[in-house]
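Trainee: Next up is a structure, given as structure tokens.
The values are calculated or read from the model by the stated rules, or taken from the named source; none is laboratory data. This structure is a prediction, so every number in the text was calculated from the model and none was measured. Ideal geometry is used to build each Cβ from the backbone, glycine not excepted, and the neighbour counts take in all protein chains shown.
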Amino acid sequence: MKLKNPNPLDVLKIRRVKFCPPHFSTTQIARSYNLDKVICEWIIDNLSGRYYFGSTIKLDEDKSFTQMYQVGFESAKELSFFMLACPHLKYN
């Protein structure tokens, strides 16, 4: 476990929001086994702002539905860092 200063959002348990507000910057990730847990752990360890992680449905070109994960961040900078630095995305 990393030693660091406590994040006030973590202490108050308001860092992960239960719904994705419209002002959050979002991306979608294909679902795979146990990916939700490792991504949330990576976000907690490496980022500091509020975030959303949940399920969504994507409509494909052939009119079929695909279940996806939606990840959103209050700061667009954190979304950019997440997309570039999260090692779990390159295996997806």
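Trainee: What number goes with the only condition from (1) surrounded by 10 or more Cβ atoms within 10 Å (Cβ to Cβ); (2) basic (Lys, Arg); (3) free of Cβ contacts under 8 Å to residues at least 40 places away in the same chain that residue 63 does not pass?
Mentor: Result: residue 63 fails condition (1) only.
Trainee: Return the residue satisfying two criteria in turn: it lies in the range 13-38 and is among the β-branched types (Val, Ile, Thr) and surrounded by 12 or more Cβ atoms within 10 Å (Cβ to Cβ), and of such residues it is farthest from residue 72 (Cα to Cα).
Mentor: The qualifying residue farthest from residue 72 (Cα to Cα) is 38.
Trainee: I would also like to ask the following. Go through the range 44-74 and give me each residue that's of a type in the set (Val, Ile, Thr) and modelled with pLDDT of 95 or more.
Mentor: 71
Trainee: Tally up the residues in the range 45-65 that are closer than 14 Å to residue 18 by Cβ and either hydrophobic (A, V, I, L, M, F, W, C) or not in a strand (DSSP E or B) (or both), please.
Mentor: 2
Trainee: Can you tell me which residue among 19, 53 is within 13 Å of residue 71 (Cα to Cα) and in contact with a helix residue (DSSP H, G or I) (Cβ under 6 Å, 6 or more places away or on another chain)?
Mentor: After applying the criteria, what remains is 53.
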